[in-house]
Amino acid sequence: MLVNLFIALFLIAILVALFAGGYFVVRDPSSKRRAFWALSWRVGLQLALLIFLVVAFLMGWIKPHQLGG
């Protein structure tokens, strides 16, 4: 259950960074590169989530299931 919560929090953080980056691309007139940093956070969070999923699978915290059976 804790792993599922952790994954959900990662996905919410990724979506927040994605929408923040989109907002900065469209609405931010300054040259502070906030869009770049927001989208960099998104990529970093996605990489961290992928690594966490691999580790969780290898440790046996999550198990795949068969579709339709």
Notebook entry, point to check: Taking a point 7 angstrom from the Cα of Leu11 along the C-beta vector, which residues in segment 30-55 have backbone N less than 15 Å away?
Noted result: 46, 49-50, 53
Margin query: Tell me the relative contact order for the chain as a rounded percent, counting alpha carbon contacts under 8 Å between residues six or more apart.
Written below: 34 percent
Checklist line | the chain - Debye-derived log10 I(q)/I(0), Cα point model, q = 0.13, 0.17, 0.24, 0.27 Å⁻¹ | finding: -0.49, -0.69, -0.99, -1.11
Next item on the list: Using a Gaussian network model of the chain whose springs link C-alpha atoms within less than 10 Å, name the residue from Val26, Val55, Val16 with the highest mean-square fluctuation.
Entry: Val26
Item checked: Between 0 and 90°, nearest 10: helix 2-27 axis offset from the chain longest Cα axis -> 20 degrees
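When the helix-only estimate is applied to the chain (DSSP H runs of n ≥ 4, each -39,500 (n - 2.57), divided by the residue count), what is the mean residue ellipticity at 222 nm, nearest 500 deg cm²/dmol?
Numbers: 2 runs with 52 residues, N = 69.
Mean residue ellipticity at 222 nm (helix-derived): -27000 deg cm²/dmol.
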Next item on the list: Compute the length gained on full extension between Val26 and Asn4: take 0.36 nm times their separation in residues and subtract their Cα-Cα distance, giving the result in nm to one decimal.
Entry: 4.6 nm
Check: For the chain, modelled as a Gaussian network with Cα springs under 10 Å, which listed residue fluctuates most, Leu58, Leu11, Leu39?
Finding: Leu58
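Within the chain, what is the longest stretch that has no trypsin sites (Lys or Arg not before Pro) placed in a DSSP loop and near at most 16 other beta-carbon atoms within 10 Å?
The longest such stretch corresponds to 34-69.
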Next item on the list: Compute the FRET efficiency between Met59 and Leu18 as 1/(1 + (r/R0)^6), taking r as their Cβ-Cβ distance and R0 = 30 Å, and round to the nearest 0.05.
Entry: 0.60
Check: Once both axes come from the Cα atoms, what is the angle between helix 34-59 and the longest principal axis of the chain, in degrees from 0 to 90, rounded to 10?
Finding: 10 degrees
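Computed from the coordinates by the stated procedures, all read-outs in this text should not be read as laboratory data. This one's a predicted model, so the numbers in the text were calculated from it and none came from an experiment. Cβ coordinates were reconstructed from backbone atoms using ideal geometry, including for glycine residues, and neighbour counts include every protein chain displayed.
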